[in-house]
Amino acid sequence: MQIEFRHLRQFLAVVELKSFTAAAEKLHITQPALTRSVPQLEERFGVKLIERGAKSFELTPFGRTLAERARLIEQEFAHIDSEMVALKSGEAGLLRIGTGPSGISYLPAAIAAFQEQRPNVRVQLTVDTMNATLGALLNGELDLICTALEFPRHPTLKCERLIEMRNTVIAADSHPLARATTVAPADLLQYPWTAFSHDEMARARLGAYFAANGLDMPHVAVETNSLETMFALIGTSNHLASMPSLVLPGAQKRGLVALNIKGSFWSVGLGIAHLRTAYLPSALASFITILRTRMLALKSAHPSVLDT
């Protein structure tokens with residue numbers, strides 16, 4: 001059997017929805033036609049792709065490999081569509097970027113510079129946790145993620161580390177700990193904390209810091225995925241938050257300060273990741289170049305908040 005793109009799209013729909021019925025509805029084809037498609041692929045490769053039971057649906061190792069490769073092919077087709085639209089309408093199209101909440105401290109300037117070059121390219125910025133944006137990138141829902149590169153290496157991804165940044169604890173300038181020469185770990189447990197929602201990596205690192213000092217995790221009283229909301233809460237209360245030092249310039253403009261913590265918090269590599277592809281779309285390549293330049297400028301302007 002000669003493999004056609006429609007076979008791969010149908011397979012991906014089944015994998016995504018874990019249901020032949022739902023996949024058939026999404027693709028607007030009959031269920032019998034879709035049900036024949038996967039066995040045809042299995043026959044073509046001579047392997048089992050999906051283990052199906054009465055209440056179970058699992059990809060085999062062969063199925064996982066095919067799904068990864070099929071997503072890359074689907075991404076290539078999306079890039080072709082984007083490039084054709086751009087050529088016809090003068091650099092038009094859509095660039096989909098994912099980032100964490102702290103990304104809004106450095107991405108807006110890069111996006112503004114990008115749109116000065118390509119005013120007809122629409123930018124869609126998604127703010128979510130690292131795990132969520134990584135999953136969206138692997139599923140072909142995003143073109144690029146700007147995040148901490150703290151996930152395992154993946155064969156279908158190309159990653160580039162741009163800067164190293166430290167984490168610190170931020171409080172209001174009027175906070176009782178703000179004037180302390182040194183803040184001991186135990187002092188930090190006397191106040192409520194706010195944290196980014198579902199940021200499991202940061203929670204784990206924060207817990208490790210306190211555990212190393214023989215202490216329990218601080219009490220997280222408020223969770224939010226809005227950096228502005230977090231700034232506002234800290235500025236009007238005694239709440240504390242652990243944040244990447246990259247956001248310090250923005251925090252300081254709102255009357256917030258970094259506490260002088262005894263012992264150092266962790267450092268993390270911040271960078272970009274996108275799917276490996278034989279041809280990087282020109283809009284994506286242009287944005288990456290702009291972001292590199294902006295991050296270098298940020299590193300030069302604020303060396304005190306970044307690890308060099």
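Quick notes on this structure:
- The residue that is surrounded by the most Cβ atoms within 10 Å (Cβ to Cβ), counting only those in region 132-151 that are modelled with pLDDT of 85 or more and not aliphatic (A, V, I, L, M), is THR147.
- Taken together, the residues in region 234-293 that are closer than 30 Å to GLN115 by Cα, in a loop (DSSP other than H, G, I, E, B) and not hydroxyl-bearing (Ser, Thr, Tyr) amount to 5.
- Taken over region 152-163, the criterion of being farther than 20 Å from GLU76 by Cβ and surrounded by 15 or more Cβ atoms within 10 Å (Cβ to Cβ) is satisfied by LEU162, ILE163.
- Applying the criterion of being crowded, with 16+ Cβ neighbours inside 10 Å and under 20 Å from ALA172 (Cβ atoms) to the residues of region 202-219, the residue that is modelled with the highest pLDDT is PRO218.
- Flag if ARG166 is surrounded by 15 or more Cβ atoms within 10 Å (Cβ to Cβ), of a type in the set (Lys, Arg) and within 27 Å of PHE287 (Cα to Cα): yes
- One residue from ALA180, ALA208, ALA186, ALA204 being part of a helix (DSSP H, G or I) and more than 18 Å from PRO244 (Cα to Cα): ALA186
- Here ALA202 meets the list (1) touching a residue at least 24 places away in the same chain (Cβ under 8 Å); (2) of a type in the set (A, V, I, L, M, F, W, C); (3) out of contact with any Phe, Trp or Tyr (no Cβ under 7 Å at 6 or more places or on another chain) almost entirely, failing just condition (3).
- Reported count of residues in region 92-109, each being small (Gly, Ala, Ser), surrounded by fewer than 22 Cβ atoms within 10 Å (Cβ to Cβ) and at pLDDT 85 or above, is 1.
- Among residues of region 1-22 being within 32 Å of the chain's Cα centre (by Cα) and either assigned to a loop (DSSP other than H, G, I, E, B) or among the basic types (Lys, Arg) (or both), the one that is farthest from ALA136 (Cα to Cα) is GLU4.
- For region 189-201, residues that are surrounded by fewer than 14 Cβ atoms within 10 Å (Cβ to Cβ) and in a strand (DSSP E or B) total 0.
The values are calculated or read from the model by the stated rules, or taken from the named source; none is laboratory data. As the structure is a prediction and not an experimental result, all values here were calculated from the model. Don't worry about glycine lacking a Cβ; one is built from the backbone with ideal geometry, like all the others, and counts go over all protein chains shown.
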